[in-house]
Amino acid sequence: MPLHRLALRAVPTSARRAIGWLAMAFVTLPLAAPATGYVQLPAGKLTSVLAGDADTAPLTIAPFAMRSTPVTKGEFHRFVRAHPQWRRDRVPATFADAGYLRAWRTADAPGDAGTEAQPVTQVSWFAAQAYCEAEGGRLPTWSEWEYAAAADATRRDARGDPAWRARILGWYARPATGPLPKVGGKPNVYGVRDLHGVVWEWVDDFNALLVDGDSRTGKDPDKLKFCGAGAINLQDRENYAVLMRVALLSSLNASDSTGSLGFRCVHPTH
Amino acid sequence: MHANDTRPRFAASRAATIAAALALGVAMSAPASSASPTPSASKQAAGAGTAAALPTNSVYQLPVALTDQDGRDFRLADRRGKPMLVSMFYSSCQFVCPMLIDTLRDTESKLGAGEREQLGVLMVSIDPAHDTVAVLKQKANERAIATPRWAMARTDAASVRKLAAVLGIQYRALADGEFNHTTALILLDADGRIVARSSQLGNADPAFVLKVRQTLEAGSH
């Protein structure tokens, strides 16, 4: 039994509702009318697992609203019907590779009954960005995603807790033989769900993650490679689960799609 | 995946990615080669609302509005019709970006005057907050670029991200106002397909120059 399902079952529905309600109490700023399904995250500081030579200080995160769950197959189905230029048989190759929505039965429908609540995958960065723009938002930046994903059910930043780290890492060791789980896992302190344990997620600035080879030593092996200072140093090497995401995202092209890479959207609210 | 020179060489990260991929059964589809010369007439250029005849793997599928150093507004797709060298930079960069201009210039210098006339050069800023038209104009004058065949241009921040994504360029703003970015000279054919790229700075990359010549020979339209 996958860990995340165990975790879900361990929490009664009533308690999950209560946690969700408490999380909603954090909503203090008026939203710029994002679609339903968004929760508010307050401004705050983030010590990123990433740090360049010039920015080791904590980042300031402006308030934003984030989708509480990843975009589902059902939601993306409706998007493709409303924006047929994003059908797999019409999308330009520049924006999506041959794997884009490949598992769908037809070019405009997933075709699998009962999978509507699964997170959509096999989507390129361009398609994900277009979906978010259609909702009036955009993909989260890496910093926004990391900020949201640092929380657990009670703490805004649970990353220092070895038990929390181990729990998250457990997902990455889970064999992915079965179908993707439905969205709607346990909410974190902000009310955001499924940040860990379901899918990888695109971020707006995936192509900002210039992870350099020799960041282990802190040396700058090839100044000519990057303009300005050297590439990202991986500051928090204990946080493997999050670093794996960085490594994956930094290796992708914007037209790539994979069977375990989905996305969610945000709205800036400041 | 392209631009091997820019990929993470952090062995632990690589191993972690591979391990994670195995654990998750990540089915990375083979990355579509952006240089693949396979325009498909059956695919419409629907995403960009541009001419249907545009190859589906053309960079010009991306609707980007730009402004050059003389304040002229244009769309990226307006560059269609002749081969182009494209690069991204920021004007306050002290070290690599001047070399990037030198390298573009050296690459051009290997061509005959007639060939050069048939080649466009477009440098787009990754720092639109600071690279105003006036700043670009100053830089263009300073470096005496051959406008309007050469252009330094700016667009909005969201479009910079998309253009970089299309071109396979990574960049990241740093807290001190500098940027990290991969340096790349990218050759587009007359229809905006990526034909070749080079990250060699300084003297022109001979293999890249050869591609430029071949692409010019294949022609403009």
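Inside region A:137-150, can you point out the residues that are surrounded by 23 or more Cβ atoms within 10 Å (Cβ to Cβ) and of a type in the set (Gly, Ala, Ser)?
Passing the criteria: A:137, A:148, A:150.
Which helices (runs of 4 or more DSSP H) sit wholly inside region B:128-221 and have at least 2 residues that are among the basic types (Lys, Arg), within 29 Å of residue A:203 (Cβ to Cβ) and within 14 Å of chain A (Cβ to nearest Cβ)?
Of the helices (runs of 4 or more DSSP H) lying wholly inside region B:128-221, those with at least 2 residues that are among the basic types (Lys, Arg), within 29 Å of residue A:203 (Cβ to Cβ) and within 14 Å of chain A (Cβ to nearest Cβ) span B:157-167.
Return only the number of the condition from (1) assigned to a helix (DSSP H, G or I); (2) within 8 Å of chain A (Cβ to nearest Cβ); (3) modelled with pLDDT of 95 or more that residue B:57 does not satisfy.
Answer for residue B:57: the failing condition is (1).
Only residues in region A:111-137 that are charged (D, E, K, R) count as the first member; pair them with residues that are modelled with pLDDT under 95, Cβ under 6 angstrom, at least 6 apart or cross-chain, and list the lot.
A:135/A:35
Go through region B:166-221 and give me each residue that's among the basic types (Lys, Arg) and either closer than 17 Å to residue B:116 by Cβ or modelled with pLDDT of 90 or more (or both).
B:193, B:197, B:211, B:213
Okay, residues lined up against (1) crowded, with 17+ Cβ neighbours inside 10 Å; (2) at the interface with another protein chain (Cβ under 10 Å from one of its Cβ atoms); (3) among the polar types (S, T, N, Q); (4) more than 21 Å from the chain's Cα centre (by Cα):
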position: A:45; (1), (2), (3), (4): no, no, no, no
position: A:49; (1), (2), (3), (4): yes, no, no, no
position: A:58; (1), (2), (3), (4): no, no, no, no
position: A:73; (1), (2), (3), (4): yes, no, no, no
position: A:85; (1), (2), (3), (4): no, yes, yes, yes
position: A:96; (1), (2), (3), (4): yes, yes, no, no
position: A:105; (1), (2), (3), (4): no, no, no, yes
position: A:111; (1), (2), (3), (4): no, no, no, yes
position: A:135; (1), (2), (3), (4): yes, no, no, no
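Here is a list: B:91, B:36. Which entry is modelled with pLDDT of 50 or more, among the polar types (S, T, N, Q) and part of a loop (DSSP other than H, G, I, E, B)?
B:91
Among the residues of region B:80-103, which ones are in contact with a strand residue (DSSP E or B) (Cβ under 6 Å, 6 or more places away or on another chain) and closer than 23 Å to residue B:131 by Cα?
B:84, B:85, B:86, B:87, B:88, B:89, B:90, B:97, B:100
Has region A:229-240 got any residue that is over 14 Å from residue A:49 (Cα atoms) and either surrounded by 19 or more Cβ atoms within 10 Å (Cβ to Cβ) or at pLDDT below 85 (or both)?
Checking region A:229-240: at least one residue is over 14 Å from residue A:49 (Cα atoms) and either surrounded by 19 or more Cβ atoms within 10 Å (Cβ to Cβ) or at pLDDT below 85 (or both).
So is residue B:68 within 17 Å of residue B:121 (Cβ to Cβ) and surrounded by fewer than 17 Cβ atoms within 10 Å (Cβ to Cβ) or not?
Spelling it out, it is not the case that residue B:68 is within 17 Å of residue B:121 (Cβ to Cβ) and surrounded by fewer than 17 Cβ atoms within 10 Å (Cβ to Cβ).
The values are calculated or read from the model by the stated rules, or taken from the named source; none is laboratory data. These figures come from a predicted structure and were not determined experimentally. Heads up, the Cβs are rebuilt from the backbone with ideal geometry, glycines too, and the neighbour counts pull from every protein chain shown.
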